[in-house]
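The values are calculated or read from the model by the stated rules, or taken from the named source; none is laboratory data. Keep in mind that what you see is a predicted model, and the values were worked out from it rather than measured. When we count neighbours, we look across all protein chains shown, and the Cβ atoms used for this are built from the backbone with ideal geometry, even at glycine.
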Amino acid sequence: MGTMRLRLQLALVAVLWMPAPSTTLAAEEEVIKLTFLGTGAPRPSLDRYGPSILVEAGSHRLLVDAGPGMRERLFQAGGFELLTDINMIILTHLHFDHTISVPGLWLSGWLYGRKFPMYVYGPEGTTAMMENFESAYAWDIRYREIVGVHEEGSDLIAEDVSSGVFYDNDGLKITAFSVEHMPIDVSTGELLGLEGSTLGFRIDYAGRSVVFSGDTRSTEASSIIEQGAEVDVLIHEVQVPAPGNSPEAQLANVSLSVHSTPAQVAEVFRQTRPRLGVYSHIIPPELTSDEILEATDYNGPMLVAEDLMTLFIGDEIRVGEAGGEGTEIFTEADVVDQLD
Ligand SMILES: [Zn+2]
């Protein structure tokens with residue numbers, strides 16, 4: 001490749017989207033699969049739903065964040081089978097654009113067949129938020145149980161986590177690390193003293209690894225650089241600054257104090273050299289991939305995630321697209337068996 005900028009765009013999917021030659025079933029199982037359910041941020045967009053990424057590794061299935069529209073994208077990607085199978089969500093932080101679909105998946109997964117609790121891990125405050133969700137929907141749950149919906153599966157079990165390994169089970173290890181997304185005084189750079197924390201995650205499985213930046217401004221001391229060193233895939237948020245000095249541009253750029261510019265992400269990629277760098281959580285959502293890549297001075301392999309894009313991470317990293325099949329399998333959901 002030399003110095004050629006390898007820009008893996010969706011136009012190249014056809015080239016990359018082919019079965020790896022002579023791949024055994026066992027080898028196939030030893031990959032991490034990612035499905036980008038939402039690649040946007042708080043601002044509503046019909047192209048980029050709120051941040052949420054499905055991670056599949058062996059028998060594990062979990063979500064990183066639960067932004068607006070996650071439940072619908074999940075249904076698009078895999079129908080009722082996916083909707084009712086997932087029972088683990090890890091949250092980078094408690095902003096609504098990362099958490100608002102927790103109740104949606106917890107309750108509809110249960111209603112359509114999930115018979116085990118939903119587990120949610122996140123920073124300080126997660127347990128309190130989940131207890132509040134349980135209180136908020138207590139009437140809904142009582143109502144449905146009274147009319148015969150199974151009682152298993154309606155529990156929401158939460159755990160607050162901080163930096164370090166918080167999950168290590170059946171080959172899947174998840175490490176949380178602190179990232180810099182807490183509010184600061186933009187003139188002094190001082191933290192404004194809000195309690196709580198914001199996290200990034202590293203997931204390791206079968207010798208493969210993915211780092212999720214979470215929402216973060218870029219700093220030289222960022223733990224992403226340590227966690228992301230030679231990772232297979234590093235997924236980073238980005239905010240492209242609005243040009244000019246108009247009041248609108250100034251307003252849009254206020255949030256740069258808690259997010260990362262393309263130049264800053266390029267520096268993170270240069271220091272970590274992932275096999276593939278990926279942009280997701282894109283601000284503003286209407287930017288095209290070309291515009292975002294054009295703003296990024298980095299010559300390693302990278303791409304801009306789109307909603308429903310998939311990545312298979314193994315000896316090769318393959319790009320594909322989820323959806324199209326699987327939404328017609330409602331008849332396999334357990335809840336229907338009761339009606340037969
Ligand atoms: Zn966000």
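Brief remarks on what is shown
- Scanning region 45-67 for residues that are crowded, with 23+ Cβ neighbours inside 10 Å and assigned to a loop (DSSP other than H, G, I, E, B) returns 48, 49, 50, 51, 65, 66, 67.
- If you go through region 38-68 and pick out every residue that is within 14 Å of the ligand (Cβ to nearest atom) and touching a Ser or Thr at 6+ places or on another chain (Cβ under 8 Å), you end up with 13.
- Breaking point among (1) closer than 24 Å to residue 48 by Cα; (2) modelled with pLDDT under 95; (3) away from the ligand (no atom under 15 Å from the Cβ), for residue 188: (1)
- Single match in 57, 77 (criterion: closer than 23 Å to residue 200 by Cα, touching a strand residue (DSSP E or B) at 6+ places or on another chain (Cβ under 9 Å) and of a type in the set (A, V, I, L, M)): 57
- Of the residues making up region 286-312, those that are part of a loop (DSSP other than H, G, I, E, B) and either more than 16 Å from the chain's Cα centre (by Cα) or more than 21 Å from residue 72 (Cβ to Cβ) (or both) are 286, 287, 288, 295, 296, 297, 298, 299, 300, 301.
- Of the residues 233, 186, the single one that is surrounded by fewer than 23 Cβ atoms within 10 Å (Cβ to Cβ) and in contact with a Pro (Cβ under 7 Å, 6 or more places away or on another chain) is 233.
- Restricting 225, 174 to residues that are of a type in the set (A, V, I, L, M) and under 24 Å from residue 50 (Cα atoms) narrows the list to 174.
- Some residue of region 109-127 being touching an Asp or Glu at 6+ places or on another chain (Cβ under 6 Å) and of a type in the set (S, T, N, Q): yes
- Residue list for region 69-109, filter: part of a helix (DSSP H, G or I), of a type in the set (A, V, I, L, M, F, W, C) and within 16 Å of the ligand (Cβ to nearest atom): 70, 96, 102
- When residues of region 234-252 are limited to those that are away from the ligand (no atom under 16 Å from the Cβ) and not small (Gly, Ala, Ser), the one nearest to the chain's Cα centre (by Cα): 234
- Residues of region 162-191 satisfying the condition of being farther than 20 Å from residue 252 by Cα, part of a loop (DSSP other than H, G, I, E, B) and not small (Gly, Ala, Ser): 170, 179, 190
- Exactly one residue among 124, 151, 195, 159 is outside any loop (DSSP other than H, G, I, E, B) and either more than 16 Å from the ligand (Cβ to nearest atom) or in contact with a Gly (Cβ under 9 Å, 6 or more places away or on another chain) (or both), and that residue is 159.
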